[in-house]
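Chemist: Sharing a structure here in structure tokens format.
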Amino acid sequence: MQTNTSPQLPRKSELVPINGKNIYYEVYGKGKPLFLLHGYTQSSVSWQSYINDYEKEYEVYLVDLTGHGKSDPFQEDLHIRSVAEDLQALINYLKLEQIKAIGFSFGGDVLYQLALINPTIIERMITIGAIGTWTILDFPEYLETFTFENRNNFPWLKTSHNGEEHIRAIMEQFKNYIVKLSDQELQSIQPEVLIMIGDDDEGMNLNDIVRTRQNLPNSDLWILPNVSHGAHEGENKEEFIKKSKRFLNKS
């Protein structure tokens, strides 16, 4: 465990044995716990530029989800529910009774599974480019593009993960990215959810978005025009921060 109080450095960071593997997390700021979860092939590094926006109001947790970042490489086939079970075990280790959370893509899909595993653990959550249902089988071109052989085309890989074998495992597991929420499962999700989607997100199916919105009992849908998958990034970041804080801070 490491502890420090320097600006932009975590107040605490730790590699924790969870369900037979090591999971890495960092903590910033003070307040109610807010988890920021990254997309597939990314790591907690992708949320670094958002720390200043949240750390004065929240105890911000950046987690390297199973198989990513400083966490151990994948040791078994990717299963989104298993990743959520690892996250739940980490939350138990941290002795947190309830969290708020923002999940991008893969991180959002993990949050939906976490809400099913433990219906009361999430008070309020924002999912970006994620609706809890997605299959790589609908996007064979992604499998052709996101390969270990093409790793140099994705510069964030080297800065996010511990070596090429770690990256290889992530790329090889992409073929197992299949997750599906039934109408009944959606209807059972208790946290209030803000679904954030870019209308140019090629990976999102409109019918699935509508089905998710109709079946989630307590949800809002925010569709951003002329925006692709990373709807919270770039020129949209300032608006995202403002709206996310209003949503997360609701009484």
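Since every read-out is calculated from the coordinates, none of them should be taken as a lab result. It should be emphasised that the depicted structure is a prediction, and the values quoted were computed from it without experimental measurement. FYI the Cβ positions are ideal-geometry reconstructions off the backbone, even for glycines, and counts take in every protein chain you see.
Chemist: With an 8 Å cut-off on Cα pairs and a minimum separation of 6 or more residues, tell me the relative contact order of region 3-102 in percent. Write out the running numbers ahead of the final one.
Modeler: Details: 175 pairs, mean separation 29.8, N = 100.
Value for region 3-102: 30 percent.
Chemist: Rounded if a/c is under 1.5, else prolate if a/b is larger than b/c, else oblate: which is region 117-209, with a ≥ b ≥ c the root eigenvalues of its Cα gyration tensor?
Modeler: Numbers: a/c = 2.16, a/b = 1.74, b/c = 1.25.
Because a/c hits 1.5 or more and a/b exceeds b/c, region 117-209 counts as prolate.
Chemist: Classify the chain as rounded, prolate or oblate from the Cα gyration tensor: take a ≥ b ≥ c as the square roots of its eigenvalues, call it rounded if a/c is under 1.5, otherwise prolate when a/b beats b/c and oblate if not. The partial results should precede the final answer.
Modeler: On the way: a/c = 1.29, a/b = 1.02, b/c = 1.27.
Verdict is rounded for the chain.
Chemist: Calculate, in nm to one decimal, what LYS250 and ASN52 gain on full extension: separation in residues at 0.36 nm each, minus their alpha carbon distance. Spell out each step's value before the answer.
Modeler: Values: separation 198, 0.36 × 198 = 71.28 nm, distance 2.04 nm.
Working it through step by step, the gained length comes to 69.2 nm.
Chemist: Can you compute the modelled spin-label distance between GLU202 and SER188, with each label point 7 Å from Cα toward Cβ, in nm?
Modeler: According to this spin-label approximation, the distance is 3.6 nm.
Chemist: Can you tell me how much longer the chain between GLU141 and GLU76 gets when fully stretched, taken as 0.36 nm per residue apart minus their C-alpha distance, in nm with one decimal?
Modeler: On the way: separation 65, 0.36 × 65 = 23.40 nm, distance 2.39 nm.
Working it through step by step, the gained length comes to 21.0 nm.
Chemist: Using a Gaussian network model on the chain with a 10 Å cutoff between Cα atoms, which of PRO225, PRO33, PRO17 fluctuates the most?
Modeler: Sorting by GNM fluctuation, first place goes to PRO225.
Chemist: Also, quick follow-up: Using unit Cβ charges (K, R positive; D, E negative) and no other charged atoms, how large, in debye to the nearest 20, is the dipole of the chain about its Cα centre? Could you put the intermediate results ahead of the total?
Modeler: Details: 24 positive and 35 negative charges, 197 e Å.
Taking the Cα centre of the chain as origin, the dipole is about 940 debye.
Chemist: Still on this structure, I have one more. So what is the relative contact order of region 13-248, in percent, for Cα pairs below 8 Å that sit 6 or more residues apart? Each step should come with its number before you reach the end.
Modeler: On the way: 470 pairs, mean separation 44.0, N = 236.
Once divided by the residue count of region 13-248, the mean separation gives 19 percent.
Chemist: Now a separate question. Mean Kyte-Doolittle hydropathy of -1.0 or higher plus an axial Cα length of 18 Å or more: which whole DSSP H helices in the chain meet both? Each step should come with its number before you reach the end.
Modeler: On the way: long enough: 80-93 (20 Å, 0.27).
Length and hydropathy pass: 80-93.
Chemist: Can you give the helix-only mean residue ellipticity at 222 nm for the chain, where every DSSP H stretch with n ≥ 4 adds -39500 (n - 2.57) and the sum goes over all residues, rounded to the nearest 500 deg cm²/dmol?
Modeler: Values: 9 runs with 79 residues, N = 251.
Only helices count here, giving -9000 deg cm²/dmol.
Chemist: In region 165-249, which GluC sites (Glu not before Pro) are in a loop and have at most 13 other Cβ atoms within 10 Å, using DSSP for the loop call? Before the final figure, lay out each step's value.
Modeler: On the way: sites: GLU165, GLU172, GLU185, GLU192, GLU202, GLU233, GLU235, GLU238, GLU239; in loops: GLU202, GLU233.
Loop-located and lightly packed - GLU202.
Chemist: What's the longest piece of the chain with no exposed trypsin sites (Lys or Arg not before Pro), counting a site as exposed if DSSP puts it in a loop and it has at most 13 other beta carbons within 10 Å? Kindly include the intermediate steps, with their values, before the conclusion.
Modeler: Details: sites that count: LYS30, LYS56, LYS95, LYS180, LYS250.
Between the exposed loop sites, the longest stretch runs 96-179.
Chemist: Another one. Loop-only GluC sites (Glu not before Pro) in region 30-101, please: DSSP not H, G, I, E or B, and at most 15 other Cβ atoms within 10 Å.
Modeler: Working: sites: GLU55, GLU57, GLU59, GLU76, GLU85, GLU97; in loops: GLU55, GLU57, GLU76, GLU97.
Answer by residue number: GLU57, GLU76, GLU97.
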